[in-house]
Amino acid sequence: SVLLQVDWQTGRTGNVTPVARIAPQMVGGVTVENTTLHNPGEVERLGVQIGDRVLIVRRGDVIPKIESTLGPATVKDLENRFHADGAPFTGNLPIREAIHIPSHCPSCNIPLKEEGAFLKCMDLMCDSRTSRAIIYWCRALEMDGIGEKLVEQLLESNLITNIADLYRLEKSQLLSLERMAEKSANNVLGEINRTKKMKTSRFIHALGLPGIGPELASLVAQQTKNFEGLMQWAEDAKAQPGDDNFGPLNDLKEKPHTLNTALRAMCENDGIGSKVALQVRDGLLNRKELLLDLSKHLDLIDEPKSISEGVLSGMTFCITGSLSNPRKEIQQMVKNVGGKVVGSVSSNLDVLIAGENTGSKLVKAQTLEIKIWTEEQLLDKLSEKSMSVIDDETTEKNSTQSSLADYN
């Protein structure tokens, strides 16, 4: 295809990303006209310029991506192209020039900050960030009828300025919007009221904190138990005098010994490292005023413990190395029979499950004289329990079978 222009968009987390506008091209049965360039580093790596011929792929047959530049395009490269609706493409070939990388947010115009490979808008009240945060909240809670167009209408009409304002909306305000009938207004209010009660994990996920999906949100909620515990954890996790790794996240190294007690406790959850823990902490503290306001309108249910009773109840496990079964399956097996899975080795660990190509975790476990099981030993332990359950059920069944004595 041909790269026609590049627009920079600010997302809900503040990351400012380049979106390439290309001449329509059929890729894998789909007409593609927009594709991501990810970040400034990717733009530089590709060396692509506006007005170039570019090679387009669809990663996983879904996400369109510019794979490489093929040099300057010509007018002939734009011929015989059609939009998805069949209309002929009539665009012109742009002058070939380098892609301009912005220094200010395209939405609120404040200076951007470099954070790793990304440019970031740090203003939480940026219109673009606010819009996408509200849309993310509505989608995460599956609020039917509240999409991008309605959110934009509400923002432009100054009826809302943040997520909490959704729960202050009144019917008369909704009816003042263009093309909003009484039935639609009732449906919107019904969806909003439906989401006033939720588990803490769902609340954390819907906030759209960087890198926090449903699974990690559940781990954070189980660690903090409720909203009050969540906010108290964020306060306890603040940088303390003498902490040496609380600079920019891109400079952070995995040094759990330099973290305070609250952060270390969070990092004990398998899947949560120090970088994620800091992202959660900063995400909560930066939104503290909004979260406290939002909590006044919601009934947040304490997160239940997800520990099952079983042969491994009360035992803590850590997994290292390559395993024959997917790691998530092994983790779930342990949890299903009462075990707890953590991500680091400490004196509180009961068993390290070690596969092939192990590293420092195995050495540390040996130093602390912690039990070390192979994957086979774990499976044998679980198999013994399964056989024990079967034997118990068989014994119980046999003991309840009728005999001739029962009829005497």
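Among the residues of the stretch 21-36, are any in contact with a Pro (Cβ under 7 Å, 6 or more places away or on another chain), surrounded by 18 or more Cβ atoms within 10 Å (Cβ to Cβ) and under 16 Å from Leu112 (Cβ atoms)?
No, that holds for no residue.
If I ask for residues that are in a loop (DSSP other than H, G, I, E, B) and either small (Gly, Ala, Ser) or touching a His at 6+ places or on another chain (Cβ under 7 Å) (or both), which ones from the stretch 98-127 would you list?
Ala98, Ser103, Ser107, Ile110, Leu112, Gly116, Ala117 - these are the residues of the stretch 98-127 that are in a loop (DSSP other than H, G, I, E, B) and either small (Gly, Ala, Ser) or touching a His at 6+ places or on another chain (Cβ under 7 Å) (or both).
Considering only residues of the stretch 59-83 that are open to solvent by 50 Å² or more (accessible area, probe 1.4 Å) and either under 22 Å from Ile101 (Cα atoms) or basic (Lys, Arg) (or both), which is farthest from the chain's Cα centre (by Cα)?
Lys76
So, in the stretch 11-29, of the ones that are within 27 Å of the chain's Cα centre (by Cα) and among the hydrophobic types (A, V, I, L, M, F, W, C), which residue ends up farthest from Gly208 (Cα to Cα)?
In this case the residue turns out to be Ala20.
Restricting to the stretch 147-182, name every residue that is among the β-branched types (Val, Ile, Thr) and either farther than 21 Å from Ala206 by Cα or touching a Phe, Trp or Tyr at 6+ places or on another chain (Cβ under 9 Å) (or both).
Within the stretch 147-182, just Ile163 meets the criteria.
List the residue pairs whose Cβ atoms are under 8 Å apart, where the first residue sits in the stretch 361-376 and is over 23 Å from Glu329 (Cα atoms) and in contact (Cβ under 8 Å) with a residue 60 or more places away in the chain, the second is charged (D, E, K, R) and open to solvent by less than 60 Å² (accessible area, probe 1.4 Å), and the two are 6 or more positions apart or on different chains.
Listed by first residue and then by second, the contacts come to nothing, as the list is empty.
Kindly establish whether Val280 is under 24 Å from Gly14 (Cβ atoms) and among the hydrophobic types (A, V, I, L, M, F, W, C).
So Val280 fits the description; yes.
Determine the pairs where a residue that is more than 21 Å from Leu46 (Cβ to Cβ), located within the stretch 70-88, has a partner that is in a loop (DSSP other than H, G, I, E, B) with Cβ atoms under 7 Å apart, the partner being 6 or more residues away or on another chain.
Val75/Leu93; Arg81/Phe89; Phe82/Phe89; His83/Phe89
Residue check: is Ser103 closer than 30 Å to Leu159 by Cβ and either polar (S, T, N, Q) or open to solvent by 50 Å² or more (accessible area, probe 1.4 Å) (or both)?
The answer is no for Ser103.
Every residue in the stretch 211-234 that is out of contact with any Ser or Thr (no Cβ under 8 Å at 6 or more places or on another chain) and without any contact (Cβ under 8 Å) to a residue 12 or more places away in the chain, please.
Listed by number, the residues that qualify are Gly213, Glu228, Gly229.
Can you say whether Leu124 is surrounded by 14 or more Cβ atoms within 10 Å (Cβ to Cβ) and modelled with pLDDT of 90 or more, as far as the supplied structure shows?
no
So that you can scan it fast, the table gives a plain yes or no per residue for (1) closer than 28 Å to Ala221 by Cα; (2) polar (S, T, N, Q); (3) at pLDDT 95 or above:
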site	(1), (2), (3)
Leu166	yes, no, yes
Ser172	no, yes, no
Met180	no, no, no
Ile192	yes, no, yes
Ser201	yes, yes, no
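Would you check which residues across the stretch 139-178 are surrounded by 14 or more Cβ atoms within 10 Å (Cβ to Cβ) and touching a residue at least 60 places away in the same chain (Cβ under 8 Å) and list them?
Of everything in the stretch 139-178, those that are surrounded by 14 or more Cβ atoms within 10 Å (Cβ to Cβ) and touching a residue at least 60 places away in the same chain (Cβ under 8 Å) turn out to be Ala140, Leu141, Asn162, Ile163, Ala164, Tyr167.
Scan the stretch 2-20 for residues that are over 30 Å from His205 (Cα atoms) and open to solvent by 20 Å² or more (accessible area, probe 1.4 Å) and report the count.
Total meeting the criteria: 3.
Return yes when Arg59 is touching a strand residue (DSSP E or B) at 6+ places or on another chain (Cβ under 6 Å) and at pLDDT 90 or above and no when it is not.
no
The values are calculated or read from the model by the stated rules, or taken from the named source; none is laboratory data. These numbers were taken from a predicted model, which means no experiment stands behind them. Glycine also receives a Cβ, built like all others from the backbone with ideal geometry; neighbour counts cover every protein chain displayed. Areas reflect the complete protein model, heavy atoms only, side chains present, ligands, DNA and RNA absent. Shrake-Rupley method; radii C 1.70, N 1.55, O 1.52, S 1.80 Å.
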